[in-house]
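The values are calculated or read from the model by the stated rules, or taken from the named source; none is laboratory data. The structure displayed is predicted, hence computed values, not measured ones. Counting neighbours? That spans all protein chains shown, and the Cβs are built from the backbone with ideal geometry, glycine included.
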Amino acid sequence: MDFSFLWQGVLSITWQQLVMYAIGGLLIWLAVEKGFEPALLMPMGFGAILVNLPLSGVVDQFSAGVGETKGIIQWLFETGIEASEAMPLLLFIGIGAMIDFGPLLANPKLFLCGAASQAGIFLTIILAVGMGFDLNDAASIGIIGAADGPTSLLVSQTLKSNFVGAIAVAAYSYMALVPMIQPFAIKLVTTKKERMMRMSYQSQGVTRRMRILFPILVTVIAGLVAPASVALVGFLMFGNLIRECGVLPTLANTAQSELSNLITLLLGITISFSMRADQFVRGETLLIMCLGLVAFVLDSVVGVLFVKGMNLFTPNHKINPMVGAAGISAFPMSSRVVEKLGQEVDPQNHLLMHAIAANVSGQIASVVAGGVVLQYFTNLG
């Protein structure tokens, strides 16, 4: 009796697949040991191992005498991401249900911080084009700077980027590494005296009507300016409307807990389909990781510099420059970084509420920026 089929899988392993096993193990280690986005990085890491096993049953295979067999991870990817972008969009409902826009509505000028902090996206797109990436790939790489994993995934998938897996890994990894990356970027362009700047916080009355109207108005305005952003902004704002309407408390709690956790787990293991060795292990992947880091740092730096510029025109109502760095989408990690850096130089300096306002404005700005990129590059194509 011939038992050679038992060794077929072992003998079929390539060095590229071994690299992917190591990457999968690293993602699991970061999730378990370091606590970096465990709900996402752990399924991504485990999925990276699953899809790279020779003749793996989680991707479509063709066997003699049996024909084609469907793999569950490939089916999830083709149905939940490739065909409809359903998973990233459903996750936006949960994210919207988590966000309290109250601090931003109480201090609307911090909207500008979110807008300014998206500059790194467009600077990185230009840089990527200059380095030889085609326009769609360059746009997808630049969106890593949004510090918004679902947006990065949706844009790269919609634009049919050749590097969806690398972009997803970079986007979610850098989101998890905000507490390590942002302090470096902020200290690079601020002095100790600037970081010590105090800001008073007065909670102004934000009415229930304002909270309900806000997500509706943002969706309409974003849809008129950049129609391609309607799905991104609309699902985010729909989640927030569920939270703020006050008549759906059970659904609001479900959206921000069970729904978000379940979709995140499924999204993580589904993304791994784009982490197959033949697509992932190439020189461009390392370059994309570097460009993603550049985009991330540029967003933080430009946000700080923008606030410094604002302070020149409002000398009596200055904003701590670090608050500008919180204008990225990584909520609430970025606002916590700003609070921590402020208290390092002055234990009585509390910047959290101001940073949260900038941080939630970054949530809106990142999805609008994603929609603008989609609108422009789709029309260009």
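Points worth noting:
- When residues of segment 79-120 are limited to those that are among the polar types (S, T, N, Q) and outside any helix (DSSP H, G or I), the one modelled with the lowest pLDDT: 84
- Segment 205-219 residues that are farther than 14 Å from residue 108 by Cβ, paired with ones that are surrounded by 15 or more Cβ atoms within 10 Å (Cβ to Cβ) and among the polar types (S, T, N, Q) (beta carbon under 9 Å, 6 or more apart): 215/240
- Annotation: residue 305 fulfils all but one of (1) surrounded by 18 or more Cβ atoms within 10 Å (Cβ to Cβ); (2) at pLDDT 90 or above; (3) of a type in the set (A, V, I, L, M); (4) within 24 Å of residue 181 (Cβ to Cβ); the unmet one is (1).
- Failed item, numbered, when residue 267 is tested on (1) more than 24 Å from residue 59 (Cβ to Cβ); (2) part of a helix (DSSP H, G or I); (3) aliphatic (A, V, I, L, M): (1)
- Residues located in segment 277-317, provided they are in contact with a helix residue (DSSP H, G or I) (Cβ under 8 Å, 6 or more places away or on another chain) and not in a helix (DSSP H, G or I): 281
- Selection count where residues are of a type in the set (A, V, I, L, M) and either in a loop (DSSP other than H, G, I, E, B) or in contact with a Lys or Arg (Cβ under 9 Å, 6 or more places away or on another chain) (or both), scope segment 318-355: 10
- For segment 158-165, the criterion of being aliphatic (A, V, I, L, M), under 23 Å from residue 332 (Cβ atoms) and touching a residue at least 40 places away in the same chain (Cβ under 8 Å) is met by no residue.
- Test for residue 355: is it touching an Asp or Glu at 6+ places or on another chain (Cβ under 8 Å), modelled with pLDDT under 85 and buried (at least 24 other Cβ atoms within 10 Å of the Cβ): no
- The residues of segment 199-238 that are within 12 Å of residue 101 (Cβ to Cβ) and among the aromatic types (Phe, Trp, Tyr) amount to a single one, 214.
- Here residue 142 meets each of (1) surrounded by 23 or more Cβ atoms within 10 Å (Cβ to Cβ); (2) touching an Asp or Glu at 6+ places or on another chain (Cβ under 9 Å) with one exception, condition (2).
- Scanning segment 46-55 for residues that are under 29 Å from the mean Cα position of the chain (by Cα) and either polar (S, T, N, Q) or over 18 Å from residue 266 (Cα atoms) (or both) yields 52, 53.
Condition check ((1) under 20 Å from the mean Cα position of the chain (by Cα); (2) farther than 20 Å from residue 164 by Cβ; (3) at pLDDT below 80; (4) buried (at least 21 other Cβ atoms within 10 Å of the Cβ)) across all residues:
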{"position": "12", "(1), (2), (3), (4)": "no, yes, yes, no"}
{"position": "19", "(1), (2), (3), (4)": "no, no, no, no"}
{"position": "26", "(1), (2), (3), (4)": "yes, no, no, no"}
{"position": "35", "(1), (2), (3), (4)": "yes, yes, no, no"}
{"position": "38", "(1), (2), (3), (4)": "yes, yes, no, no"}
{"position": "44", "(1), (2), (3), (4)": "yes, no, no, yes"}
{"position": "65", "(1), (2), (3), (4)": "no, yes, yes, no"}
{"position": "76", "(1), (2), (3), (4)": "no, no, no, yes"}
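- Restricting attention to segment 218-242, the residues being under 17 Å from residue 158 (Cβ atoms) and polar (S, T, N, Q) number 1.
- Every residue from segment 121-136 that is buried (at least 23 other Cβ atoms within 10 Å of the Cβ) and in a helix (DSSP H, G or I): 121, 124, 125, 128
- Helices (runs of 4 or more DSSP H) lying entirely in segment 150-210 (those with 1 or more residues that are touching a Ser or Thr at 6+ places or on another chain (Cβ under 8 Å)): 164-176, 178-188
- Of the set (1) buried (at least 23 other Cβ atoms within 10 Å of the Cβ); (2) farther than 30 Å from residue 346 by Cβ, all apply to residue 157 but (1).
- Residue that is modelled with the highest pLDDT [pool: residues in segment 157-184 that are of a type in the set (S, T, N, Q) and over 17 Å from residue 90 (Cα atoms)]: 182
- Within segment 243-263, considering residues that are small (Gly, Ala, Ser) and surrounded by fewer than 20 Cβ atoms within 10 Å (Cβ to Cβ), the one nearest to residue 102 (Cα to Cα): 246
- Among the residues of segment 358-381, the one identified as surrounded by fewer than 19 Cβ atoms within 10 Å (Cβ to Cβ) and among the small types (Gly, Ala, Ser) is 381.
- Index of the failed condition, residue 323 passing every other in (1) over 22 Å from residue 176 (Cα atoms); (2) touching a His at 6+ places or on another chain (Cβ under 6 Å): (1)
- Extreme residue, farthest from residue 158 (Cα to Cα), among residues of segment 81-94 that are among the hydrophobic types (A, V, I, L, M, F, W, C) and out of contact with any Ser or Thr (no Cβ under 7 Å at 6 or more places or on another chain): 93
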